[in-house]
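Notes follow once the structure below has been shown.
The values are calculated or read from the model by the stated rules, or taken from the named source; none is laboratory data. Quantities reported herein were computed from a predicted structural model and do not represent experimental measurements. Cβ sites come from the backbone with ideal geometry, for glycine too, and all protein chains shown count toward neighbours. Keep in mind that these areas ignore ligands, DNA and RNA; they rest on the heavy atoms of the full protein, side chains included. Shrake-Rupley method; radii C 1.70, N 1.55, O 1.52, S 1.80 Å.
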Amino acid sequence: MMTRSVSRTLFLAAAAAVLSVPVAAQQTSPLAQAQGHLKAVDTMTADFAQTGRNGRTLTGTITMKRPGRVRFEYAKGIPMLIVGDGKALTFIDYEVKQVSRWPIGTSPLSVLLNPDKDLRGVAKVTRNDSQVLLVEAKDRQRPEFGTITIAFAKVPSAPQGLMLQGWTTIDAQNNRSTIKLTNQRFNVAVADSAFRWTDPRPNRGPRG
């Protein structure tokens, strides 16, 4: 016959297990997993293919170093460069010798470049199955900043079990741009010099 003390112990253990389920579920929720991936990845390099609203696809390499630094180096023959220095994104058009800058915080890419950004306030899961996790993020207070949908493949050997596959951004004018990644490498050595660039405007020198 089971004693009262043993019964009470088993009851408390069972109750503790039941009460712990919501916490465990929260820790391993899809959004928490995506957040964990962003925090686990300090650097990344990859090849990219970018398709814009006109259907044209441009290729190149991406180098990322969190927080805030990124470089989109387009293939030979494409006279453009995009560099993030931690505070702003700079678009350089070497063909017409123009430079444009805008704060990273106003770009949907801030979700990817800031590992400390709390996804719970800006993001939701739009697909979650055995192969793919899609996370859509936007600033509900400032919809003019646009929307980004980040695609992860579920790969056990990748950081937090996720492999960043790319993303799609839609701006306030409903212009869509899609980035697809290949040959991803995470947490490799990336020098700060990777984010320097040459200013094409007269009497300007190296930047970054």
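Pairs only if they're at least six apart or on different chains, beta carbon under 6 angstrom, first in the range 157-175 and closer than 21 Å to L38 by Cβ, second outside any strand (DSSP E or B) and aliphatic (A, V, I, L, M); list them, first residue then second.
Matching pairs, first to second residue: P159/A40; P159/V41; Q160/A40; M163/V155.
Just need a number here: residues in the range 83-103 that are in contact (Cβ under 8 Å) with a residue 24 or more places away in the chain and either touching a helix residue (DSSP H, G or I) at 6+ places or on another chain (Cβ under 7 Å) or among the hydrophobic types (A, V, I, L, M, F, W, C) (or both).
Total meeting the criteria: 5.
Can you tell me which residue within the range 112-128, out of those that are touching a Lys or Arg at 6+ places or on another chain (Cβ under 7 Å) and free of Cβ contacts under 8 Å to residues at least 60 places away in the same chain, is surrounded by the most Cβ atoms within 10 Å (Cβ to Cβ)?
Here the answer is L113.
Could you identify the single residue in T59, T63 that is open to solvent by 10 Å² or more (accessible area, probe 1.4 Å), among the hydroxyl-bearing types (S, T, Y), closer than 24 Å to G161 by Cβ and not in a helix (DSSP H, G or I)? Full working, then the answer.
Working: T59 fails: closer than 24 Å to G161 by Cβ.
On inspection, the qualifying residue turns out to be T63.
Of the residues in the range 171-202, how many are part of a strand (DSSP E or B) and either open to solvent by less than 40 Å² (accessible area, probe 1.4 Å) or modelled with pLDDT of 95 or more (or both)?
Within the range 171-202, the subset part of a strand (DSSP E or B) is 176-186, 197-198.
Restricting the remaining residues to those that are either open to solvent by less than 40 Å² (accessible area, probe 1.4 Å) or modelled with pLDDT of 95 or more (or both) gives 177-186, 197.
Number of matching residues: 11.
Examine the range 134-152 for a residue that is under 22 Å from A40 (Cα atoms), assigned to a loop (DSSP other than H, G, I, E, B) and either without any contact (Cβ under 8 Å) to a residue 60 or more places away in the chain or open to solvent by 20 Å² or more (accessible area, probe 1.4 Å) (or both), and state whether such a residue exists.
no
Out of K138, K154, K117, which single residue is touching a Gly at 6+ places or on another chain (Cβ under 9 Å) and at pLDDT below 95? Don't jump to the end; show me each part of the working.
On the way: K154 fails: at pLDDT below 95; K117 fails: touching a Gly at 6+ places or on another chain (Cβ under 9 Å).
So the residue among K138, K154, K117 that is touching a Gly at 6+ places or on another chain (Cβ under 9 Å) and at pLDDT below 95 is K138.
Among the residues of the range 153-170, what is the count of those that are open to solvent by 60 Å² or more (accessible area, probe 1.4 Å) and in a strand (DSSP E or B)?
So the count comes out to 2.
Quick one: T106 ticks every box in (1) open to solvent by less than 30 Å² (accessible area, probe 1.4 Å); (2) touching a residue at least 12 places away in the same chain (Cβ under 8 Å) bar one, so which box is it?
Result: T106 passes all but (1).
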